[in-house]
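What follows draws every value from the coordinates through simple rules; no lab data is involved. No experiment lies behind these values; they were computed from the predicted model shown. With ideal geometry, Cβ positions are generated from the backbone for all residues, glycine too; neighbour counts draw on all protein chains shown.
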Amino acid sequence: MKKERMIKAVCDGVILLLAAAAAVIAWKLQPDFRYLPWYLTVFFLCGAASAADLVRQCRYEDGPAGPAQDEDKSPPQIQALLLLDEQNKPVRLWTMAGCTSLVIGRRNKEEQVDVDLEDCEYSTFVDFQHAALNFCLDRWYLEDLGSANGVRVQKAEDGCCYKVTNRPCRVEAGDIIHIANTRLLLS
């Protein structure tokens, strides 16, 4: 990956130099000055875009999140949502690969949901559109959609259970979503 960044940085530098040289040549050799502002604008925009990309490449040498992390140290990506029974065994699976949003609730005639908890033991405590999982900036976020009984998330990192209130809560693989007495494992 570093080699690709180096090649891109060199190409940005070459584009920047060529844009500057072309602007100087256009300024010196252009006998008709009515097109000169257009030439200079194009060269300036190319040079500015190249310079901005070059600065970004140099500033974030190890990636936009700072120093590069080993593949093993990065948090595992969430691939599926598992409905757990009382013995923590998976009962049902919903794949999350390729999804950007999932609505959790109960299906009815007016509203469709992606994760249907209608067949669960405590489904009467689950609203039709109870919660949502949204994917944004390479992370998943859990949001309560104004449910009557609320949403809680048990974090894998500390084992504590937190109530999801007025804003989305970032969730990771291993976290368990509690909706009524229904538990959904993010894996």
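A few comments on the model shown:
- Seen from Glu111, the other residues with C-beta closer than 15 Å to its C-beta sum to a net charge of -2, counting Lys and Arg as +1 and Asp and Glu as -1.
- Label-to-label distance, Glu172 versus Thr124, with points set 7 angstrom from Cα along the beta-carbon direction: 3.9 nm.
- Charge sum, other residues only, whose C-beta stays under 13 Å from Thr124's C-beta, Lys/Arg counted +1 and Asp/Glu -1: -3
- Net charge over other residues, Cβ less than 11 angstrom from the Cβ of Asp175 (K, R count +1; D, E count -1): +1
- Where trypsin sites (Lys or Arg not before Pro) fall in DSSP loop in region 77-146, at most 11 other Cβ within 10 Å: Lys109
- For Arg106, distant residues with modelled amide H under 5 Å away: Leu117, Phe128, Gln129, His130
- For region 143-148, putting each phi into the Karplus relation 6.51 cos²θ - 1.76 cosθ + 1.60 with θ = phi - 60° gives couplings of 9, 7, 8, x, 5, 6 Hz, in residue order, rounded to whole numbers and with x for Gly and Pro.
- Beta bridges from DSSP with both residues in region 69-183: antiparallel share about 95 percent, rounded to the nearest 5.
- Taking amide hydrogens as placed 1.01 Å from N in the peptide plane, the amide H of Gly174 sits under 5 Å from those of Leu186, Ser187, each at least 5 positions away in sequence or on another chain.
- Volume per residue for region 88-187 equals 107 cubic angstrom (convex hull of Cα atoms).
- Full extension of the chain between Cys136 and Leu93 gives 13.3 nm of extra length, using 0.36 nm per residue less the Cα-Cα distance.
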